[in-house]
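Reviewing the structure listed below.
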Amino acid sequence: MDGFSILAIKALDCLDARAVVTAENIANASTPGYRPMRLSFEEALRTAATRGAKSVAAFAPALEQAPAGGEFRLDLEVATASSTALRYAAVIEV
């Protein structure tokens with residue numbers, strides 16, 4: 001498998017994981033005390049890509065919990081879900 005294919009598969013895996021995290025955040029929107037999770041990977045995956053296919057294959061996204069006391073905004077979660085779906089579709093097209 002070439003380096004681009006490995007990168008595309010890893011990006012799809014990360015976008016899928018972000019979709020799951022975002023869905024959990026939306027599902028728990030009315031749960032008292034719930035702190036949403038964030039999955040970030042773009043910059044770190046870009047850096048791994050410059051190091052080669054082995055670095056991309058070994059890459060894992062960062063899952064972080066939002067700070068306590070932060071405002072939970074359902075509209076931003078829905079926007080994240082939409083953006084993630086569009087990015088997933090774009091990678092599939094490539």
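The values are calculated or read from the model by the stated rules, or taken from the named source; none is laboratory data. These numbers were taken from a predicted model, which means no experiment stands behind them. Counting neighbours? That spans all protein chains shown, and the Cβs are built from the backbone with ideal geometry, glycine included. Calculation scope for accessible area: heavy atoms of the full protein, side chains included, ligands and nucleic acids excluded. Shrake-Rupley method; radii C 1.70, N 1.55, O 1.52, S 1.80 Å.
Table for the structure above
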{"quantity": "Test: residue in segment 34-48 that is basic (Lys, Arg), open to solvent by 80 Å² or more (accessible area, probe 1.4 Å) and touching a residue at least 12 places away in the same chain (Cβ under 8 Å)", "calculated": "yes"}
{"quantity": "The lone exception for Lys10 - which of (1) open to solvent by less than 80 Å² (accessible area, probe 1.4 Å); (2) out of contact with any helix residue (DSSP H, G or I) (no Cβ under 7 Å at 6 or more places or on another chain) it fails", "calculated": "(2)"}
{"quantity": "Selection count where residues are loosely packed, with under 11 Cβ neighbours inside 10 Å and either polar (S, T, N, Q) or farther than 15 Å from Ala19 by Cβ (or both), scope segment 83-94", "calculated": "2"}
{"quantity": "Segment 49-64, subset in contact (Cβ under 8 Å) with a residue 24 or more places away in the chain and either farther than 20 Å from Ala81 by Cα or in a loop (DSSP other than H, G, I, E, B) (or both), residue least open to solvent (accessible area, probe 1.4 Å)", "calculated": "Val56"}
